[in-house]
Amino acid sequence: MGFSLKKLASGLLKTKENLVSKIKAAVGLHKKIDGALLDEIEEILISSDISVETSTAIIANLKEKVAQRGIDNSEEVFQLLRECLKDLFVDVSAEPFFASGKKPYVIMIVGVNGTGKTTSIAKIARRFVNDGKKVTIAAADTFRAAAIDQLAIWADRVGCHLVKGQEGGDAAAVAYDAVQSAIARGDDVVIIDTAGRLHTKTNLMEELSKVKRVVKKAMPDAPHRTLLVLDGTTGQNALQQVEIFKKMLDIDGIVVTKLDGTAKGGAVFSIVERYK
Ligand SMILES: Nc1nc2c(ncn2[C@@H]2O[C@H](COP(=O)(O)OP(=O)(O)O)[C@@H](O)[C@H]2O)c(=O)[nH]1
Ligand SMILES: [Mg+2]
């Protein structure tokens, strides 16, 4: 399970269609690739929620390619832009998501409420189960009974073991129990769901740090991965969430959700450019 550019491209279909149709309109008005066309394209990139910083970098790269290849026909801008967007991913690590040397491999999932943590856990768990791995899920979002129930339904559907506590119970204790129980059962993977109430920011970060600390008591090098889940439709707001979480926790992976429903998924490019 590595990084998949193909998967990302299919998720970004609406964003792409929106970009392409706007750029087509601009190309229709400019026969040559000139400053005016490039300015228009930059605006179009920004309007699909790619940050100003990233859009400027893309346009600079585009200009360089235009100069190097001596191209001036505006129709060629699509191919060049495609290359420029791909260039953003060149240094992105494709290291495997799962290291088989750790048993269990412990993944902690964090992120703001509603971004898609629980749904992503179900998707990740299903991939591991399909791969023949045994999975334990920890319902460490103990704030609402409904969150625990939602995860229980997914665990049942996907076919993995669930460790849960009481509503309002200690999240760290649930995570600890899950890792202990996975060790005892010989499970391959533990995925820890967590709460995401950002309006109590300090408390949330304290709770998440505590979950990490306590998990280490059950398995010293765990969690092996901490994934931040971002809602791809929230644009630049998603970038702010990266900053907030990164300050308090070691984040070593990002999951971007809901790209299927948006034409403004450009924030993905900004996230990749800044954090690869
Ligand atoms: N269209 C779409 N909806 C999603 C995706 N991921 C999550 N959702 C929906 O977003 C809502 C919140 O998801 P949930 O997993 O409960 O978020 P959590 O609060 O972070 O655990 C639910 O209605 C999900 O069905 C996705 O990739 N695409
Ligand atoms: Mg949830």
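The values are calculated or read from the model by the stated rules, or taken from the named source; none is laboratory data. Not measured: the values here are computed from a predicted model. Cβ sites come from the backbone with ideal geometry, for glycine too, and all protein chains shown count toward neighbours.
Structure notes:
- With respect to (1) in contact with a helix residue (DSSP H, G or I) (Cβ under 7 Å, 6 or more places away or on another chain); (2) within 15 Å of ligand 2 (Cβ to nearest atom), the lone exception for residue 129 is condition (2).
- Pairs linking a residue in region 128-145 that is closer than 14 Å to residue 106 by Cβ to a residue that is of a type in the set (Phe, Trp, Tyr) and within 16 Å of ligand 2 (Cβ to nearest atom), with Cβ atoms under 8 Å and 6 or more positions apart or on different chains, are 137/154.
- From 214, 256, residue being crowded, with 17+ Cβ neighbours inside 10 Å, at pLDDT 95 or above and either within 26 Å of residue 51 (Cα to Cα) or of a type in the set (Val, Ile, Thr) (or both): 214
- Evaluation of residue 187 against (1) touching a strand residue (DSSP E or B) at 6+ places or on another chain (Cβ under 8 Å); (2) under 30 Å from residue 58 (Cβ atoms) (one fails), failing number: (2)
- Helices (runs of 4 or more DSSP H) wholly inside region 118-221 that include at least 3 residues being away from ligand 1 (no atom under 14 Å from the Cβ): 171-185, 201-218
- Residue in region 103-117 that is among the β-branched types (Val, Ile, Thr), surrounded by fewer than 20 Cβ atoms within 10 Å (Cβ to Cβ), in the same structural domain as residue 187 (by TED's automatic domain parsing) and out of contact with any Phe, Trp or Tyr (no Cβ under 6 Å at 6 or more places or on another chain) present: no
- Lone qualifier among 246, 264 - being farther than 14 Å from residue 107 by Cα and either in contact with a helix residue (DSSP H, G or I) (Cβ under 6 Å, 6 or more places away or on another chain) or assigned to a loop (DSSP other than H, G, I, E, B) (or both): 264
- Condition met for residue 155 (within 17 Å of residue 229 (Cα to Cα), modelled with pLDDT of 95 or more and not β-branched (Val, Ile, Thr)): no
- For the residues 211, 215, 163, the requirement of being of a type outside the set (Lys, Arg), away from ligand 2 (no atom under 15 Å from the Cβ) and under 24 Å from the mean Cα position of the chain (by Cα) singles out 215.
- Restricting 202, 142, 119 to residues that are closer than 30 Å to residue 234 by Cα, within 21 Å of the chain's Cα centre (by Cα) and of a type outside the set (A, V, I, L, M, F, W, C) narrows the list to 119.
- Flag for residue 200 being hydroxyl-bearing (Ser, Thr, Tyr) and at pLDDT below 90: yes
- Reported count of residues in region 212-251, each being of a type in the set (A, V, I, L, M, F, W, C) and free of Cβ contacts under 8 Å to residues at least 60 places away in the same chain, is 6.
- Boolean, residue 107 is at pLDDT 85 or above and over 30 Å from residue 128 (Cα atoms): no
- Options 233, 226: the member that is touching a Ser or Thr at 6+ places or on another chain (Cβ under 7 Å), under 30 Å from residue 87 (Cα atoms) and crowded, with 17+ Cβ neighbours inside 10 Å: 233
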